1. With a cut-off of 8 Å between alpha carbons and a minimum separation of six or more residues, what is the relative contact order of the chain in percent?
2. When the distances between all Cα atoms of the chain are binned every 5 Å from zero, what whole-number percent does each bin get?
3. Given a Förster distance of 30 angstrom, what is the FRET efficiency for residue 67 paired with residue 115, based on the Cβ-Cβ distance and rounded to 0.05?
4. With a Cα-only, solvent-free Debye model of region 151-195, what are the log10 I(q)/I(0) values at q = 0.27 Å⁻¹?
5. Is the C-alpha gyration tensor of region 89-208 telling us rounded, prolate or oblate? Criteria: a/c under 1.5 is rounded; beyond that, a/b larger than b/c is prolate, otherwise oblate.
6. Rounded to the nearest 0.05, what FRET efficiency do residue 169 and residue 45 have when you use their Cβ-Cβ distance and R0 = 30 Å?
7. Taking 0.36 nm per residue of separation and subtracting the Cα-Cα distance, what length does fully extending residue 185 through residue 162 add?
Amino acid sequence: MAVTGTNATPLVAVLILAGGAGRRLGGPKAWLDWDGKPLLLGVIERLASLAPGRPLVVGSPGVELPAGDYTRLDDARAGEGPLAGLAAGLGAVQALQPKGRVAVSACDCPFADSRLYRFLAELDDGSEAIVPVYEGRLHPLSAVWRARAADGCRRALGQGERRVRAALEELAPRLVPAADFPAEIDPSRALFNLNDRRDLLRARAWRD
C-alpha cells in the first residue's frame with residue numbers, strides 16, 4: 001500500500017537487511033524462530049504492505065536465507081556491516097527510481113511497525129533520510145531513506161567507514177524524536193532489535 005499525505009510521496013520499496021551473523025544469538029538472525037517461522041519472514045509480513053512489489057532483502061553472498069515472497073540481493077561488500085547492505089539495497093532501487101523513498105528495516109526487529117513507517121513517510125521534507133531518535137539513539141535501520149542516499153553510503157564505505165551514522169552525518173537527515181510519535185506507536189517495541197540472548201528472552205516475554 002502506498003503512503004500518502006498532504007506533502008508525502010509514496011514509498012517505492014521495502015528493504016530489509018539480513019546479513020547479520022548473529023554470533024551472540026547462536027546463528028544468523030534471519031533464521032531465529034519467531035512464532036514458528038524464521039524471524040526474517042515475520043518482519044516481511046509486518047512491512048510488506050508499505051510499498052508495491054516484493055520486498056528487497058539484502059544477504060551475504062553464499063549464505064542461505066529462508067525462502068519467502070521477496071527479492072534477494074547480495075551484498076557485494078560482505079562482512080562490512082549494515083552500511084554495506086544499505087548501500088547495496090538502496091543502490092538497487094536508485095537504479096530505477098533515484099528519488100524514490102524506501103522503508104528500511106533490519107531483519108532482527110521482531111516488532112517492526114508499519115504505522116511508524118507511514119508516520120515517518122508523512123514527514124517528507126526532501127531529506128535524504130527520516131530517522132527516529134529514542135533514548136538518545138538514532139535508529140537508521142528503522143527509518144525511511146531516499147534511494148539516492150546510496151551515493152552517500154558508498155562514499156562513507158570508500159573512506160573506510162562501516163558505521164551507518166557516518167553516512168548520515170554527510171546526508172543531514174531529518175531526526176524525529178520518539179516523543180513526536182503518534183500515541184499508538186510504542187517506540188520501545190517498534191525500535192527494538194535483537195543483539196543477544198537477553199534481548200531475545202525479553203522480546204519473547206513481550207510477545208507472550
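1. 23 percent
2. 1, 8, 17, 21, 22, 17, 10, 3, 0, 0
3. 0.60
4. -0.89
5. Cα axes put region 89-208 in the prolate bin.
6. Once rounded, the FRET efficiency stands at 0.35.
7. Numbers: separation 23, 0.36 × 23 = 8.28 nm, distance 3.00 nm.
In short, 5.3 nm is gained.
Just so you know, all these numbers are worked out from the coordinates, no wet-lab data involved. Please read these numbers as outputs of a predicted model, since none were measured by experiment. Note that we place each Cβ from the backbone using ideal geometry, even for glycine, and neighbour counts take in every protein chain shown.
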